[in-house]
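Worksheet for the structure shown next.
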Amino acid sequence: MSVRPDEAFGRAVSRRELFQRPAMGCHLLWGLSTAFGLAAVLTAASLLDVWLGNPSASGSPFSIVRTAIDRIRDPFTSTSQASIALLASVTALIIGQRLCGFLATDAAATFARSIGDRLRRALLRQHTRIGPGDLDGDITGSILQRATTDVDTVVESTTDTLVRISRDSQIIAGCLALSLLVDPQLALQCLLLPAAVLAWLVVRDRSAKRSHLQSLGDDHRAADRRTTESMTGVRLASGYGFEDLARDRFDAVLAENGKLAARRNRSHSLGRMIRQGLAVAIAAAILFLVSRRVLPSASNPIPLDLPSATVLLASIAGLLRALDRRDQLSCIAERGGLAAERIHEYLDRVPPVSQAVGARFLQPLADELRFESVTWHASPTEPVLNGLDLVIPAGETTALLSVDPRVARAVVGMVARFIDPYGGRILIDDQDIATGTLESLRAEVLTVAGDGDCFPGTVLENICCGRSEQGLSRATEAAKAVHAHHFITKLPRGYETRIDDEETRLDIGQRFRIGLARALMRDPAFLVIEEPAEPLDDDTKSLLGDTYDRIVSGRTVLFLPTRLSTVRRADRVVVLHDGQVAETGRHEELVQSSELYRHWEYTRFNAFGRVTVSAEG
């Protein structure tokens, strides 16, 4: 069920979190920044009072702001001394206000990064459950976007939201209080109608601009669609000889698009001009109300002094600006909500594999691995395995082939329970692996990926899977067994060389051999080896035969081969087609008896079978 973007953003970052302890530093710093700003306004008003030469507040109505202005200027005996001191004070207060604002923004960014880290950890936990069953790489691609771009968007939106809620709320409260302390009656006259209408006009203008840009975008997409339709129809027009008609219709489409865009632009410009004119009129009305209170008259025997009036106008301006910025919260929540919705869509997925209640410890494979009527679908309309029956005897080397690579990968994924069958069952020595613990199963069934999968870290950490307590000696033995020790010792720091270092570029063959050493360290009873699809270097090719001879001894090995020599060395070759076992035998037998196997061999190892015919050719 889809949710509104602002609700999705609220799920990622609740309003309660914005006011709890991790965010309190941001609120306190913005409060201090607001206090500095208000103090700077009062000090600037005192400076203006000094320059105007007002000796005291005797000719002005009593107000707390007027009293504060007098107290700020009273310690100084001369105009020059007061000017220098007050200028320095205003400068220092503005610097303090900016510094606190910078620290508050940094505190908001730190809080937002903690939210982003929490989302990334949740994505990693979920991907640990779902990702191993990704046969096509689609899930991995989508999780990368969610963990980078989408989380960054949520972090930016959280920072902006916290800043606007904390900063603008305190500025609104401070400016409102300061304006009321100048002259409550005049402040209410300016705020109740004129300032409220002015704020609405500013907000309305921004909303109209956003709607206008959205309408133009919709029009452009519609115009692009019609242009594409005209461009793709040129063969039909040329073949049937109505090029002139097609050209006339295309010109009509262009003219219609131009008229529609011009009409929208004129309508938006007229509306914006009216709104801006009204905003100027409202601003003039506020200035008129204040100036009427400042200028002496029969109805105004005690006029408001100019410094106090300046404080009032500055407070109203700050209040309107803060209200305008807070209006953007909905847009920020929508932007962050779209990203949060994609993140939570992945987090809400049900993992395809779970451990059964009361699961038992699985013993290592001793007799056979059996697939009984196993079915599995990549999607509701894409069956991959269809009633598969397969027996893999213990202690043998089996090469698993399929025209569609997903079929063989699905079989391999089920052995370690990265995915579960939709129907049927898989048994190790007559025990259903679904009733065993995942830990005991995956301790004895290991896969060496064909993409040379290595994690960031040193060569030693990659071979030991981060378990340094297993020691360098065992890692060295495993590396020697797969002929990786020689090239590892030639690396800048040997086994301590970081694989993710920019200066260390391991080719696919070297990474593949590190993967074989990693698997050999665990000494599994059942080993799956997916050979790299990329061409291997000559060094790796010459050493793989002896490496395989050492690995297969004493264990069951299932190959997903990309090299014909690997197929030939297998004790048995199983050819899968249409989700079932199509052929079984040794290479020499299948070459003579199986048309499907010959087809598989031709398309992968014959130079003419790999030729792709270009659409332009």
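The values are calculated or read from the model by the stated rules, or taken from the named source; none is laboratory data. Nothing here was measured: the structure is a model prediction, and the numbers come from that model. Backbone-built Cβ (ideal geometry, glycine too); neighbour counts: all protein chains shown. Quick note on the areas: whole protein, heavy atoms, side chains included, nothing else; ligands and nucleic acids left out. Shrake-Rupley method; radii C 1.70, N 1.55, O 1.52, S 1.80 Å.
Run residue 30 past the list (1) open to solvent by less than 30 Å² (accessible area, probe 1.4 Å); (2) more than 37 Å from the chain's Cα centre (by Cα); (3) modelled with pLDDT of 85 or more; (4) not polar (S, T, N, Q) and report the number of the one that doesn't hold.
Here residue 30 clears every test but (2).
Those residues that are among the hydrophobic types (A, V, I, L, M, F, W, C), closer than 24 Å to residue 445 by Cβ and surrounded by fewer than 20 Cβ atoms within 10 Å (Cβ to Cβ), I need them from the stretch 525-545; list them, please.
Within the stretch 525-545, 525, 533 meet the criteria.
Yes or no: residue 234 among the aliphatic types (A, V, I, L, M) and farther than 21 Å from residue 255 by Cα?
So residue 234 fails the test.
If the requirement is being of a type in the set (Asp, Glu) and in contact (Cβ under 8 Å) with a residue 40 or more places away in the chain, which of these qualifies: 453, 404, 432?
Unique residue meeting the criteria: 453.
When the residues of the stretch 546-584 are narrowed to those that are open to solvent by 60 Å² or more (accessible area, probe 1.4 Å) and part of a helix (DSSP H, G or I), which ends up farthest from residue 481 (Cα to Cα)?
568
Could you tell me which numbered condition residue 447 fails, if it satisfies all but one of (1) in a strand (DSSP E or B); (2) over 35 Å from the mean Cα position of the chain (by Cα)?
Evaluating residue 447 over (1) in a strand (DSSP E or B); (2) over 35 Å from the mean Cα position of the chain (by Cα) leaves (2) as the failure.
Could you list, in sequence order, the residues of the stretch 198-243 that are among the hydroxyl-bearing types (Ser, Thr, Tyr) and open to solvent by less than 100 Å² (accessible area, probe 1.4 Å)?
207, 211, 215, 227, 228, 230, 238
Is it true that residue 278 is open to solvent by 70 Å² or more (accessible area, probe 1.4 Å), in contact with a helix residue (DSSP H, G or I) (Cβ under 6 Å, 6 or more places away or on another chain) and farther than 25 Å from residue 180 by Cα?
Here the answer is yes, as residue 278 does meet what is asked.
Looking at the stretch 506-528, is at least one residue closer than 20 Å to residue 543 by Cα, free of Cβ contacts under 8 Å to residues at least 40 places away in the same chain and not in a helix (DSSP H, G or I)?
yes
For residue 443, all conditions in the list (1) surrounded by fewer than 19 Cβ atoms within 10 Å (Cβ to Cβ); (2) over 22 Å from residue 130 (Cβ atoms) hold save one; what is the number of the exception?
(2)
What is the number of the single condition among (1) open to solvent by 60 Å² or more (accessible area, probe 1.4 Å); (2) touching a residue at least 60 places away in the same chain (Cβ under 8 Å); (3) in contact with a helix residue (DSSP H, G or I) (Cβ under 9 Å, 6 or more places away or on another chain) that residue 302 does not meet?
(3) is the only condition that residue 302 fails.
Just one of the numbered conditions (1) at pLDDT 85 or above; (2) within 41 Å of the chain's Cα centre (by Cα); (3) of a type outside the set (Phe, Trp, Tyr) is not true of residue 613; which one?
The one condition residue 613 does not meet is (1).
Name every residue in the stretch 353-387 that is within 38 Å of the chain's Cα centre (by Cα), of a type in the set (S, T, N, Q) and outside any loop (DSSP other than H, G, I, E, B), in order of residue number.
375, 379, 386
Condition (residue is under 17 Å from residue 580 (Cβ atoms) and open to solvent by less than 10 Å² (accessible area, probe 1.4 Å)) applied to the stretch 452-470: is it met by at least one residue?
Scanning the stretch 452-470 turns up no residue that is under 17 Å from residue 580 (Cβ atoms) and open to solvent by less than 10 Å² (accessible area, probe 1.4 Å).
Only one residue in 95, 115 is open to solvent by 80 Å² or more (accessible area, probe 1.4 Å) and either under 35 Å from the mean Cα position of the chain (by Cα) or not charged (D, E, K, R) (or both), so which one is that?
Testing whether each residue is open to solvent by 80 Å² or more (accessible area, probe 1.4 Å) and either under 35 Å from the mean Cα position of the chain (by Cα) or not charged (D, E, K, R) (or both) leaves just 95.
From 174, 133, grab the single residue that is within 30 Å of residue 290 (Cα to Cα), touching a Gly at 6+ places or on another chain (Cβ under 9 Å) and either surrounded by 20 or more Cβ atoms within 10 Å (Cβ to Cβ) or of a type outside the set (S, T, N, Q) (or both).
Of the residues listed, the single one that is within 30 Å of residue 290 (Cα to Cα), touching a Gly at 6+ places or on another chain (Cβ under 9 Å) and either surrounded by 20 or more Cβ atoms within 10 Å (Cβ to Cβ) or of a type outside the set (S, T, N, Q) (or both) is 174.
For residues that are in a loop (DSSP other than H, G, I, E, B) and surrounded by fewer than 16 Cβ atoms within 10 Å (Cβ to Cβ), tally how many sit in the stretch 406-436.
Summing the residues that are in a loop (DSSP other than H, G, I, E, B) and surrounded by fewer than 16 Cβ atoms within 10 Å (Cβ to Cβ) in the stretch 406-436 gives 3.
Here's the yes/no breakdown for (1) closer than 19 Å to residue 133 by Cα; (2) in contact with a helix residue (DSSP H, G or I) (Cβ under 9 Å, 6 or more places away or on another chain); (3) modelled with pLDDT under 90; (4) not aliphatic (A, V, I, L, M):
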residue	(1), (2), (3), (4)
389	no, no, no, yes
402	yes, yes, yes, yes
422	yes, no, no, yes
426	yes, yes, no, no
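Which of the residues belonging to the stretch 1-22 are out of contact with any Leu (no Cβ under 6 Å at 6 or more places or on another chain) and in a helix (DSSP H, G or I)?
6, 7, 8, 9, 10, 11, 12, 17, 19, 21, 22
Is it the case that the stretch 493-506 has a residue that's under 28 Å from residue 415 (Cβ atoms) and open to solvent by 20 Å² or more (accessible area, probe 1.4 Å)?
Looking through the stretch 493-506, at least one residue is under 28 Å from residue 415 (Cβ atoms) and open to solvent by 20 Å² or more (accessible area, probe 1.4 Å).
Regarding residue 46, is this residue of a type in the set (Gly, Ala, Ser) and buried (at least 19 other Cβ atoms within 10 Å of the Cβ)?
yes
Somewhere in the stretch 366-384, is a residue within 29 Å of residue 125 (Cα to Cα), modelled with pLDDT under 90, in contact with a Phe, Trp or Tyr (Cβ under 6 Å, 6 or more places away or on another chain) and open to solvent by less than 30 Å² (accessible area, probe 1.4 Å)?
Yes, the stretch 366-384 contains a residue that is within 29 Å of residue 125 (Cα to Cα), modelled with pLDDT under 90, in contact with a Phe, Trp or Tyr (Cβ under 6 Å, 6 or more places away or on another chain) and open to solvent by less than 30 Å² (accessible area, probe 1.4 Å).
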